[in-house]
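Asker: Starting off with a structure, shown below.
The values are calculated or read from the model by the stated rules, or taken from the named source; none is laboratory data. Just so it is clear, the structure is predicted and the values come from calculations on it, not from any experiment. All Cβ positions, glycine included, derive from the backbone under ideal geometry; neighbour counts span all protein chains shown. Just the protein is used for accessible areas: all its heavy atoms, side chains included, with ligands, DNA and RNA removed. Shrake-Rupley method; radii C 1.70, N 1.55, O 1.52, S 1.80 Å.
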Amino acid sequence: QVQVVEDGGGVVQPGGSLKLSCTASGRDSTFYAMGWFRQSPGRQRELVAKITTGGIPTYADFVRDRFYIARFTAENTVTTLQMNKLESEDTAVYFCYAEPLIGPLKGMTFWGKGALVTVSS
């Protein structure tokens, strides 16, 4: 199995910054594609950013040049989401996911429980 645990989140004023982190632990975690989705009340879950095992990022248009995703691998694989110039529309629960690319769990998606980000003055 793969465990996905988010950290960070909280309340920030418009224009402020916040950083989320996510740790994926399991066999061959180096070979996990990872990323972040978000969901706000009344809306569908939407992709925010994702990053390949080689560190190549992809961003949704609505966060481009404001959010930055990165990944680090040691014992486990960690992905971070640096969020800058936050807007009230960024208020949502942010979910991290990990997708094993090799092994018996290949093709499955594992989700964290989510981290609430509230942008409010």
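Asker: Quick test for you: out of Lys50, Lys19, pick the one residue that is assigned to a strand (DSSP E or B), within 11 Å of the chain's Cα centre (by Cα) and more than 25 Å from Ser121 (Cβ to Cβ).
Answerer: On the way: Lys19 fails: more than 25 Å from Ser121 (Cβ to Cβ).
None of the others qualify; the one that does is Lys50.
Asker: Here is a further query. Of the conditions (1) at pLDDT 95 or above; (2) among the small types (Gly, Ala, Ser); (3) surrounded by fewer than 21 Cβ atoms within 10 Å (Cβ to Cβ), Gly107 fails just one. Which one is it?
Answerer: It fails just one condition, (1).
Asker: I've got another one for you. Among the residues of the range 84-118, which ones are assigned to a strand (DSSP E or B) and more than 18 Å from Arg45 (Cα to Cα)? Spell out how you get there, then give the answer.
Answerer: Applying the first criterion (assigned to a strand (DSSP E or B)) to the range 84-118 yields 92-100, 110-111, 115-118.
Result: Pro100, single match.
Asker: Could you grab me the full set of residues in the range 9-22 that are modelled with pLDDT of 95 or more and either open to solvent by less than 70 Å² (accessible area, probe 1.4 Å) or of a type outside the set (Val, Ile, Thr) (or both)? Even if it seems obvious, please write down each step before you answer.
Answerer: From the range 9-22, those modelled with pLDDT of 95 or more are 10-22; that's our starting set.
Matches in the range 9-22: Gly10, Val12, Gln13, Pro14, Gly15, Gly16, Ser17, Leu18, Lys19, Leu20, Ser21, Cys22.
Asker: Do the conditions hold for Asn76, that is, is it surrounded by 13 or more Cβ atoms within 10 Å (Cβ to Cβ), of a type outside the set (D, E, K, R), more than 14 Å from Gly112 (Cα to Cα) and modelled with pLDDT of 95 or more?
Answerer: Working: surrounded by 13 or more Cβ atoms within 10 Å (Cβ to Cβ): yes; of a type outside the set (D, E, K, R): yes; more than 14 Å from Gly112 (Cα to Cα): yes; modelled with pLDDT of 95 or more: no.
In short, no.
Asker: Turning to a different aspect of this structure: If I ask for residues that are open to solvent by less than 60 Å² (accessible area, probe 1.4 Å), modelled with pLDDT of 95 or more and not in a loop (DSSP other than H, G, I, E, B), which ones from the range 59-73 would you list? Talk me through it step by step, then tell me what you get.
Answerer: Here is the first cut: in the range 59-73, the residues open to solvent by less than 60 Å² (accessible area, probe 1.4 Å) are 59-60, 63, 66-67, 69-71.
Among the residues that remain, those that are also modelled with pLDDT of 95 or more are: 59-60, 66-67, 69-70.
Within the range 59-73, Tyr59, Phe67, Ile69, Ala70 meet the criteria.
Asker: Looking at the range 1-24 only, could you name the residues that are in contact with a Phe, Trp or Tyr (Cβ under 8 Å, 6 or more places away or on another chain) and under 14 Å from Gly114 (Cβ atoms)?
Answerer: Of everything in the range 1-24, those that are in contact with a Phe, Trp or Tyr (Cβ under 8 Å, 6 or more places away or on another chain) and under 14 Å from Gly114 (Cβ atoms) turn out to be Val4, Glu6, Gly9, Leu20, Cys22.
Asker: Out of the residues in the range 23-58 that are buried (at least 19 other Cβ atoms within 10 Å of the Cβ) and of a type outside the set (A, V, I, L, M, F, W, C), state the one that is nearest to Gln3 (Cα to Cα).
Answerer: Thr23
Asker: Under 7 Å between Cβ atoms, at least 6 apart or on separate chains: pull out the pairs that start in the range 1-26 with a residue that is more than 18 Å from Thr79 (Cβ to Cβ) and among the hydrophobic types (A, V, I, L, M, F, W, C) and end on any residue that is open to solvent by less than 30 Å² (accessible area, probe 1.4 Å) and part of a strand (DSSP E or B).
Answerer: Val12/Val119
Asker: When you go through (1) in a strand (DSSP E or B); (2) open to solvent by 40 Å² or more (accessible area, probe 1.4 Å) one by one for Val4, which number turns out not to apply?
Answerer: (2)
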